[in-house]
Each structure stands twice: as structure tokens, then as C-alpha cells.
Amino acid sequence: PFVATLASMDMGLLLRDDVFVDFFNTFLNLPVFGQTPIYISSTGQWDLWPELPSHLDPSPPALLAWLEKPRLPHFCKSSLCLHLVLCQKLLGFIRSGEAAKLLNWQSADQWLLEKCISGSQGMWHFRAFIQGTAGEELTNFWLTTERLLGLDESDARQRDLYLSLLHRLKATHLREGSSVVILCRTIIGSLLKAEHVQPSSTRREILSKMQERVLFTIQSYWLPKFFIHCKMSMEKEKSCQPLLQEYQERLLQGNSQEAAGFSEDLFTMHIKRSQGLSGPYCSKKAKAEIWTLVKEGKDTKERKIPTFQVQPERQTGPAVSTKESQQDKNALGSSLQQPEHPADTAFGGKGGATSANRPEPNPEQVLHLKDLHEERILSNLHCSASLAQLPSLKKSVESMSFLPWALSADSCAGRPFRDFLKRQDRYLETLLLDLWHDLEEFLPVVLDPSKENSFFLRHLIGEKICKTYLEEGTSGHLPLETRTVRTLWSYLMYGEFSPCIFRAQKEICKVLCCFYEEFLAADDRTFLQFMVKWRH
């Protein structure tokens, strides 16, 4: 499998792939982590945040070793990695002779579509375009199946997740009337029998065949529709005219092919020098300083603070201007498996032209990006974090204030915080974190009844939460208020929404806050050990 191959590859080789760099940068800057570096492949420069103390002079090999050990394994378990795999599959089809023949594409068409869909932002735009269509369900099925097929059900550590994903597939995408069942009707009958009659290897084979058929439909039907949408959107945008002009020139040149997607400048890789940071290295302090500045800035522009509300068009993110929305997207791209915004602004404004061309980050802009990347996650996280009551903007920011966003990012980052709690044998805290994530997953489903399979999925998740966390044998050990547990049970058991979800998440955050600070401290120690080790 691609993910297994990725996990075993040399980091230096991986960084030659510009598409991987785009997704990996997005992953590295998720705010759950302490150290959040950015790599600019066009210059070979790494920017660290927080910076190292001035007496340390880290080398690129030290940083690459750190990236391979603590970071890459979590990336391979993340939703971003699944989107990277899908992006590579789509790019492979776009570049193929099969696509050119089947869809009558010229090399210029392939070149432009590749520009539109490459990287995390490109996949974000594609997911936004298919939102609310059968293409969204097909894509979600492909991603879930890719995750499931990458698990070993004979491994006790993976079996629970495997069975959970399989149960979800059967309750949603494999239910009669779904887009997947309609497309794969000849295959689906065999799968339903495979649960008890046939061995798991046969079930895997059937799911794999279904996944292949779904992928081909995405490639041959939804990609061309997305391409038409991109061209029509760019024609209306003045800032996209240079790109369209180059596209027209390439059309006149004919079918000339060019290698794309790989950088040859690794030998100039370097790390930006520290600007004389004094005092001990501490990512918690750096995060608090960033959030203090962000909140003070938002406090002085009260009218521009995004308002979070459920929109009929299925927007669960903030209502912001096109420019602000584009800035938000640039920070995280498609960090979440479910896109939260409509496709209307995919190429709107100046930001749209930028994402279509996919330029490398400007070195002068990196520091500004570092200052803002914590703030920009606000519009890309689930609504519970967005709706949470934040502390007063007048006072200094503590870990508790940004913990909801860190926890949401944890679910996108391969669950590093959860792994830390498990290594510390913190069973109760791990259970609380799982409950927080399940409540977070439940919210967008229950608040959006128009979503396909919403009815079955919200009942599935609600029942799972009640049986796993809220039954008498379990809930008595959870440090939650009795009324909170009772209210959650009375609503979630019937798949219904309750504002008590936000109260439960706030109570969980109070318990987990000190452990998250320990996680940041451990992350700092690991990073410094790698940096110091390679000096000798």
C-alpha cells in the first residue's frame, strides 16, 4: 500500500515531491504540535517556529531525522495522508494517456487541471466542488475504504478501528439506495454475504474492487466536471488571465509533455538562522504569545470577528469575506476530511489565482504566516470548537483557550496527543479525549440533516457514544457532572442535538489541559534531543 511505502521512505527523497511537501507542510503546522516548521522547496529553506536558542546550530540532517521519527508516522495515520493518496491517484489519471484518449484532453488541458487540483488546496477546492453531490459520498467511501484496507484486523491494536470502519461502511455507504450501492450493485451482494460466510480476505478483495470502480467514476466523471468549473471560474477572474493565456499558448503548441512535481534543489537545503532567541526553548510560551497577539488584534477589530452559524447551504464555518476565507484556506488547505465551505469562492478573488498557480511560499511571507497560522485554523475546524465560549480577550492567553483547536487538530494529525496519553498509561484521560472527538464528529452530522446518510450516521455515532462512554459501568468513572452525562444520554441515544455537548467538551478540556501542556513539553524535549544529538 502507498501509505506503508511512504512510511518507509527517506525524508530527503519525499521532499523532492512538491505535492508531498504541500500536504506535509499543512500537517506540520497543525496547532496540536509544539514545533511547527515550514519548508520552502523553491529555496530549500526550513523555517522553525518556535526558533531554537541562538547557541544551538541545527543541521538539516538533524531536522530530517526528527521529521522521520516523531512526525512522519503520525502523518501516515492522518486524514491529510489519505487525501495525499487520493490526490496522487487523480494526478496519475490526469497525466495518463488513458485520460487523454477517454476525455479527449490535450496536454494543455492536463497541465491546467493539474494546476487546479495539486496539493492540499487543490484537493480542498475539489472537495468543496463536489460537496452535497453523489461525488462527495463516493469520495468519502474511497477515503474510508483506503483507511480500512490499510489496517490489519488480525492485530489486536487495530482490530477495533477496523471493525468500527467496517460497521460504518455498512451503515452508510453500503445501505440500499446510497450512491455507492447504485454504482457497485453487482459487487455489493457478495460483500454482504462475506461478513459471515466468506473469509476476511474475500471481503477485502470485494471492497478493493468497489474502491477501484468508485475511483474510476471520480476520475472519469467528477474530475472533468471540476475542470469545466475551474475554467469557467477563472474566465470571470481578471487575476487568472495570465494563467489562462499560458493555457491558450500551450493549446497552440500541441501535445508537448513536461516532467512535473519534483524538485532538484535538495542539496541547498538549509535552516533559517535564529534571530537570537533568549531564554529556554518553550513551544507553550510561543503559542501563548501568538494567541495573545491574535486575540488582541481581533479585539480591536470587533466587527470583523467571524460569526459562527449553521447555514442552509451547509456552511458550518464562519461567514467571512472572500479574501479572509481564502487566507484561512491557505493556512490549512484540506486538513479535514470533510470540507466545511462551499465551492463558490474556490477561485474567487486574488487568493483564487494564487491557489490555481500553486506557487511556493515567498520567504519574506513565512514569518507572517507563522504569526497567523494559529488564527487561521479557526474557520477550518468543527463547529463545537468554533461555538465554544472563549476566555476574555482582555487577559493573557492560557493553554485552555486554544485547547479546543489543538484537540480538533489532533484528530487531523494522526492523534499524537492521544498516543502520548496512552504511553503515559492515562486510560481515563484517553477515554475523555476519545469522547471529545466523537462528540466533535457527531456535531456536523446532526446539525446538517441534508447530508446523505445523515440520519443513519447520527444514530450510529450517538448510540456508539452512549454505549462506550455513558453507560453506568463507564460513566461513573468519567469526571463529568452527573447532569451532563444524563442530558447527553437522553439526546444522543436518539441521534438528537443538545447544547449540552458544548458543556461536556468544556468539562473535558478542563481535565485535559494540564496533560496537553505535558505533551507540549515532551514534544519540546524530543525535538531538542534530535537537534543536540546531531551536533556531536
Subject >> Using θ = phi - 60° and Karplus 6.51 cos²θ - 1.76 cosθ + 1.60, couplings along region 489-500 (whole Hz; Gly, Pro as x) >> reply: 4, 5, 9, 5, 4, 10, x, 10, 7, 9, x, 4
Subject >> Using a Förster distance of 56 Å, the FRET efficiency for R175-L56 (Cβ separation, nearest 0.05) >> reply: 0.50
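May I ask you to order 8-15, 74-81, 437-444 by the average number of other C-beta atoms within 10 Å around their residues, highest value first?
Working: 8-15: 14.2, 74-81: 22.0, 437-444: 20.2.
For the peptides 8-15, 74-81, 437-444, the packing ranking is 74-81, 437-444, 8-15.
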Original post:
How far is the Cα center of region 91-152 from the Cα center of region 425-475, in Å?
Top reply: 30
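Per residue, what volume in Å³ does the convex hull of the Cα atoms of region 60-102 enclose? Walk me through the numbers on the way to the answer.
On the way: hull volume 3.4 nm³, N = 43.
Looking at region 60-102, the number lands at 80 Å³ per residue.
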Original post:
What ranking, highest mean first, results for peptides 480-487, 22-29 when packing means the other Cβ atoms within 10 Å averaged over each residue?
Top reply: 22-29, 480-487
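First compute the accessible area of region 399-536 with a 1.4 Å probe, then give the percent of it belonging to carbon and sulfur atoms. Present the calculation step by step, with values, prior to reporting the outcome.
Numbers: 3290 of 6200 Å².
Here carbon and sulfur together make up 53 percent of the probe-accessible area.
How would region 29-163 be classified by its alpha-carbon gyration tensor: rounded, prolate or oblate, with rounded meaning a/c under 1.5 and the a/b versus b/c comparison settling the rest?
Details: a/c = 2.38, a/b = 1.34, b/c = 1.78.
It comes out oblate by the Cα gyration axes.
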Original post:
Long-range amide H contacts for I271: which residues qualify at under 5 Å (H placed 1.01 Å from N, peptide plane, sequence gap of 5 or more or a different chain)?
Top reply: W46
**OP:** Within region 43-80, find all residues whose amide N lies under 17 Å from a label point positioned 7 Å from the Cα of M9 along Cα-to-beta-carbon.
**Re:** 64-65, 67-69, 71-80
Original post:
Excluding L151 itself, what net charge comes from residues whose Cβ is under 11 Å from its Cβ, given Lys and Arg +1 and Asp and Glu -1?
Top reply: 0
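By how many nm would the segment from A156 to A65 grow when fully extended, if each residue of separation counts as 0.36 nm and the alpha-carbon distance is taken off? Please list the in-between numbers first.
Details: separation 91, 0.36 × 91 = 32.76 nm, distance 2.96 nm.
Computed gain between A156 and A65 is 29.8 nm.
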Original post:
What's the extension gain from E471 to R273 if we count 0.36 nm per residue and subtract their Cα-Cα distance?
Top reply: 65.9 nm
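Here is the link list: K225/K451; K231/K272; K77/K238; K238/K285; K170/K422; K89/K295. Which ones come out longer than 32 Å on Cα distance?
Details: K225/K451 21 Å; K231/K272 38 Å; K77/K238 40 Å; K238/K285 43 Å; K170/K422 30 Å; K89/K295 40 Å.
Cα-Cα > 32 Å for K231/K272; K77/K238; K238/K285; K89/K295; rest within.
Starting from the coordinates of the alpha-carbon atoms of region 402-531, obtain the Kirkwood hydrodynamic radius over all distinct pairs and give the value in Å to one decimal. Please report the intermediate quantities before stating the final value.
On the way: mean 1/r = 0.0643 Å⁻¹.
Taking the inverse mean of 1/r over all distinct Cα pairs, region 402-531 comes out at 15.5 Å.
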Subject >> For region 477-486, 3J(HN,Hα) per residue [Karplus equation, 6.51 cos²θ - 1.76 cosθ + 1.60, θ = phi - 60°, Hz, x = Gly/Pro] >> reply: 8, 7, x, 10, 5, 4, 5, 5, 4, 5
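The values are calculated or read from the model by the stated rules, or taken from the named source; none is laboratory data. Worth saying up front: this structure is predicted, and the values here are computed from it rather than measured. Because the Cβ atoms are built from the backbone with ideal geometry, glycine has one as well, and the counts that use them run over all protein chains shown. Ligands, DNA and RNA are excluded from the accessible area calculation, which covers all protein heavy atoms including side chains. Shrake-Rupley method; radii C 1.70, N 1.55, O 1.52, S 1.80 Å.
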